[in-house]
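Peer 1: Would you mind keeping the following structure in view while I ask a few things?
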Amino acid sequence: MHAAISGALLRQARLQRDWSQEGLCRGICAVSYLSKIEQGKVEASGEILRQLFARLSLPWYDQELQPWQALVNESYEAVFSCDRAAYRRCRPKLEAALPQLRQSPLALDAAILEGLLLSPFTPAPAVLEPYFDRRQLALQRMMENRDEEALKLYPCAYLYLMAGIHAYEQGEAAVSLLEQAYDLAAAEGYAHAMLRAQLFLGNFYSNLLDYPHMDRHYTVAQRLAQALGDEGILRDIRYNRAATALELGRYEEAYAYLAAVEAPTVMELHKLAIACEKLGRRAEALAALDLADSQEAEYPEADLAREMCALVRLRLEDEDYLRKESYGRRLLSLFDRCRRELPIGYAVFHLPWVAEWYTAARQYRAAYELLRDFPVKVPLPL
């Protein structure tokens with residue numbers, strides 16, 4: 001395989017420069033020998049490879065590979081274990097090593113790991129696919145959202161988990177995939193993967209407003225998160241419970257958690273404002289929105305979070321919001337973006353207000369078609 005990848009890299013670089021084989025190998029080796037190198041039919045010496053790459057103004061690192069191989073192994077372990085702390089430890093080391101790894105016998109692993117750890121879900125160049133082993137190709141297919149193919153190539157907890165997450169994010173049936181991920185993670189000894197499988201099972205049932213099943217899976221996830229010391233996921237679980245309580249009309253329950261959060265995020269303040277809105281605590285709701293507006297949010301969905309807050313403010317400041325076309329336009333725009341850009345749960349959360357708007361505007365057919373075609377079937381208690 002090392003012969004194949006070195007030959008593939010040489011051929012790719014040569015063609016990018018529009019060089020002939022004769023022009024590349026003159027004075028280094030015979031054209032016929034270079035042809036065999038490029039086809040992966042011979043294992044050229046390190047010296048010849050270094051001379052060929054040097055003529056292309058490229059390095060070739062094939063000595064003292066043990067530390068890099070150890071880093072590759074560590075990085076794959078971080079991926080398959082779903083350990084976010086391990087991700088963070090690997091990232092800077094992998095970033096520093098990538099220039100060398102890309103020009104080494106570990107180039108295939110570098111291409112896959114770069115997509116997985118540094119640029120999530122960015123597939124490797126297709127030209128490398130003929131040289132991938134089954135694990136590498138399975139990870140490539142997962143990054144392309146071709147989960148069924150990935151699972152046939154390399155069935156494991158991580159790939160079942162990612163397939164389940166992809167299904168969940170699209171509002172599709174995810175339970176079987178996530179349950180298999182949990183069982184395989186237990187068999188493989190990956191506690192963090194077990195945690196994430198239970199978390200997304202809870203998320204899935206939260207979207208259905210199925211509180212008993214949601215509670216069962218979140219309880220297991222909470223126990224695992226406590227054992228692993230994952231405070232981030234513990235906070236996510238508490239937030240998701242509160243958001244689901246809101247959707248079920250359990251406003252006091254949601255308020256009790258959200259009002260007690262220390263250093264609340266914009267999204268936690270958004271949910272607190274809604275709880276206060278439903279409980280008739282208008283001044284407290286506006287105060288929560290003011291605090292949200294004062295925060296500097298630096299994450300990809302920050303503008304959507306602020307628009308969510310703005311819509312709550314519109315409802316609080318104008319009792320006739322349902323008569324305002326501007327409110328409807330902003331609501332429908334937000335709903336469309338939630339469906340396109342975020343996991344399906346965000347759209348589920350805003351579905352009642354969209355149905356309310358359509359009904360108030362006497363757009364009954366639009367309301368009917370939305371509820372008929374929406375991928376998640378839920379009651380509308382808000």
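Peer 1: Quickly run through region 56-83 and pick out the residues that are acidic (Asp, Glu), without any contact (Cβ under 8 Å) to a residue 40 or more places away in the chain and assigned to a loop (DSSP other than H, G, I, E, B).
Peer 2: 64
Peer 1: Right, here's the next one. Checking the structure you have, find out if any residue of region 317-326 is crowded, with 17+ Cβ neighbours inside 10 Å and in contact (Cβ under 8 Å) with a residue 12 or more places away in the chain.
Peer 2: Checked against the condition, which is being crowded, with 17+ Cβ neighbours inside 10 Å and in contact (Cβ under 8 Å) with a residue 12 or more places away in the chain, region 317-326 yields no hits at all.
Peer 1: To continue, here is another question. Name the helices (runs of 4 or more DSSP H) wholly within region 1-47 that hold at least 3 residues that are surrounded by 12 or more Cβ atoms within 10 Å (Cβ to Cβ) and at pLDDT below 95?
Peer 2: Hits in region 1-47: 2-16, 31-38.
Peer 1: Could I ask something else about it? Within region 145-160, does at least one residue satisfy the condition of being within 30 Å of residue 37 (Cα to Cα), of a type in the set (Lys, Arg) and part of a helix (DSSP H, G or I)?
Peer 2: no
Peer 1: Please work out which one of (1) over 29 Å from the mean Cα position of the chain (by Cα); (2) over 25 Å from residue 200 (Cα atoms) is the condition residue 251 fails and give its number.
Peer 2: (2)
Peer 1: Can I ask one more? Checking residue 53 against (1) modelled with pLDDT of 95 or more; (2) assigned to a loop (DSSP other than H, G, I, E, B); (3) touching a Phe, Trp or Tyr at 6+ places or on another chain (Cβ under 9 Å): exactly one of these is not met. Which one?
Peer 2: It is condition (2) that residue 53 fails.
Peer 1: Pairs under 8 Å by beta carbon, first residue farther than 17 Å from residue 240 by Cβ in region 341-353, partner of a type in the set (D, E, K, R), six or more apart or different chains?
Peer 2: Final answer for the pair search is 341/301; 352/247.
Peer 1: Which pairs have Cβ atoms under 7 Å, sit 6 or more apart or on different chains, and link a residue in region 170-192 that is in a loop (DSSP other than H, G, I, E, B) to one that is polar (S, T, N, Q)?
Peer 2: 190/81
Peer 1: Return yes or no: is residue 272 under 24 Å from the mean Cα position of the chain (by Cα), closer than 29 Å to residue 165 by Cβ, buried (at least 16 other Cβ atoms within 10 Å of the Cβ) and of a type in the set (A, V, I, L, M, F, W, C)?
Peer 2: No; evaluated as a whole, the condition is false for this residue.
Peer 1: Going by the structure shown, is residue 163 of a type in the set (Gly, Ala, Ser), outside the structural domain of residue 45 (by TED's automatic domain parsing), within 15 Å of the chain's Cα centre (by Cα) and in a helix (DSSP H, G or I)?
Peer 2: Here the answer is yes, as residue 163 does meet what is asked.
Peer 1: Is there a residue in region 276-286 that is in contact with a His (Cβ under 6 Å, 6 or more places away or on another chain) and surrounded by 15 or more Cβ atoms within 10 Å (Cβ to Cβ)?
Peer 2: no
Peer 1: For a quick check of your reading of the model, give me the residue pairs whose first member lies in region 216-236 and is touching a residue at least 40 places away in the same chain (Cβ under 8 Å), whose second is in a helix (DSSP H, G or I) and not basic (Lys, Arg), with beta-carbon atoms closer than 7 Å and at least 6 apart or on different chains.
Peer 2: 230/195
Peer 1: Quick check, is residue 329 without any contact (Cβ under 8 Å) to a residue 60 or more places away in the chain and more than 24 Å from residue 209 (Cβ to Cβ)?
Peer 2: Yes: the conditions hold for residue 329.
Peer 1: What are the pairs, 6+ residues apart or on separate chains, where a residue within region 99-113 that is under 16 Å from residue 64 (Cβ atoms) and not assigned by TED's automatic domain parsing to the domain that holds residue 50 has its Cβ under 9 Å from a residue that is surrounded by 22 or more Cβ atoms within 10 Å (Cβ to Cβ) and charged (D, E, K, R)?
Peer 2: The qualifying pairs are 101/109.
To keep it simple, each residue is scored yes or no on (1) in a helix (DSSP H, G or I); (2) in contact with a strand residue (DSSP E or B) (Cβ under 9 Å, 6 or more places away or on another chain); (3) within 23 Å of residue 272 (Cβ to Cβ); (4) at pLDDT 95 or above.
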| residue | (1), (2), (3), (4) |
| --- | --- |
| 202 | yes, no, yes, yes |
| 206 | yes, no, yes, no |
| 209 | no, no, yes, no |
| 215 | yes, no, yes, yes |
| 218 | yes, no, yes, yes |
| 224 | yes, no, no, yes |
| 227 | yes, no, no, yes |
| 232 | yes, no, yes, no |
| 241 | yes, no, yes, yes |
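Peer 1: Note down all Cβ pairs under 7 Å where the first residue falls in region 143-156 and is more than 17 Å from residue 116 (Cα to Cα), the second is assigned to a helix (DSSP H, G or I), and they're at least six residues apart or on different chains.
Peer 2: Going by the 7 Å Cβ cut-off, the qualifying pairs are 149/141; 153/134; 153/137; 153/138; 153/141.
Peer 1: Looking only at region 260-302, how many residues end up being at pLDDT below 95 and part of a loop (DSSP other than H, G, I, E, B)?
Peer 2: 13
The values are calculated or read from the model by the stated rules, or taken from the named source; none is laboratory data. The structure presented is a predicted model; accordingly, all values stated were derived computationally and were not measured. Neighbour counts run over all protein chains shown; Cβ positions are idealised from the backbone, glycine included.
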